[in-house]
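K.L.:
This is the structure, below, for whatever I ask next.
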Amino acid sequence: MTFRSRISSGVHAELAGTPDAARQARALVGDLLGDDHPTVHDATLIVSELVSNAIAYSRSGQPGGTLIIAVEMAPQPGDVRIQVCDGGGLEAPVLTASGPDSEHGRGLAIITALAAEWASETSDAGRATWCRLTTSRPAAEAALVPQREAG
């Protein structure tokens, strides 16, 4: 894949496009950030969703397929950038609404709620989907927190 050049610093790993890759990616992010990092729980959930989507919806999930994950610590304390590069697929990731009984379709909604921003870029070599987490709460996450009534 040609996306390696976009990964300027931090840790990156090439994983086999198998269901075990999501667990491996969570472990890599958890080990890198450590239990005390303010975004470790969100980051491990997000990397799991990105890797699972790459396996399910791109050529990376086909026999012999691989994907690359990259985790970069930002200059701001606590900020993290996660990127997953896959083999590309027929369609770009799209945020969709899922019903209460749906078994799929919530991954990008979770990423949208937890990350400050995310995007996906497609090239001839595949697709890179990335997100940025910050220690300040994104507006989407704040909207999910129930408000207490004054009184």
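K.L.:
For a quick check of your reading of the model, give me the residue pairs whose first member lies in the stretch 40-61 and is farther than 15 Å from residue 110 by Cα, whose second is surrounded by fewer than 22 Cβ atoms within 10 Å (Cβ to Cβ) and among the charged types (D, E, K, R), with beta-carbon atoms closer than 9 Å and at least 6 apart or on different chains.
P.N.:
As it stands, the answer is 57/91, since those pairs meet every condition given.
K.L.:
Can you name the condition, by its number, that residue 91 falls short on among (1) at pLDDT below 95; (2) under 13 Å from residue 111 (Cα atoms)?
P.N.:
Unmet for residue 91, out of (1) at pLDDT below 95; (2) under 13 Å from residue 111 (Cα atoms): (2).
K.L.:
Can I ask one more? Only one residue in 97, 74 is of a type in the set (A, V, I, L, M, F, W, C), under 15 Å from residue 131 (Cβ atoms) and modelled with pLDDT under 95, so which one is that?
P.N.:
Answer to the selection: 74.
K.L.:
Still on this structure, I have one more. Just wondering, is there one or more residues in the stretch 34-55 that are closer than 15 Å to residue 120 by Cβ and out of contact with any strand residue (DSSP E or B) (no Cβ under 8 Å at 6 or more places or on another chain)?
P.N.:
Yes, that holds for at least one residue.
K.L.:
Further, regarding this structure: Among the residues of the stretch 36-55, write down those that are surrounded by fewer than 19 Cβ atoms within 10 Å (Cβ to Cβ) and farther than 20 Å from residue 113 by Cβ.
P.N.:
36
K.L.:
Another question about this same structure. Could you list all residues from the stretch 111-137 that are loosely packed, with under 14 Cβ neighbours inside 10 Å and in contact with a Lys or Arg (Cβ under 9 Å, 6 or more places away or on another chain)?
P.N.:
117
K.L.:
When you scan the stretch 62-85, how many residues do you find that are part of a strand (DSSP E or B), farther than 12 Å from residue 18 by Cα and free of Cβ contacts under 8 Å to residues at least 60 places away in the same chain?
P.N.:
Qualifying residue count, the stretch 62-85: 4.
K.L.:
Okay, moving on. Just a yes or no: is a residue in the stretch 110-129 part of a strand (DSSP E or B), under 19 Å from residue 27 (Cβ atoms), touching a Gly at 6+ places or on another chain (Cβ under 9 Å) and at pLDDT 90 or above?
P.N.:
No, the conditions are met nowhere in the stretch 110-129.
The values are calculated or read from the model by the stated rules, or taken from the named source; none is laboratory data. The structure displayed is predicted, hence computed values, not measured ones. With ideal geometry, Cβ positions are generated from the backbone for all residues, glycine too; neighbour counts draw on all protein chains shown.
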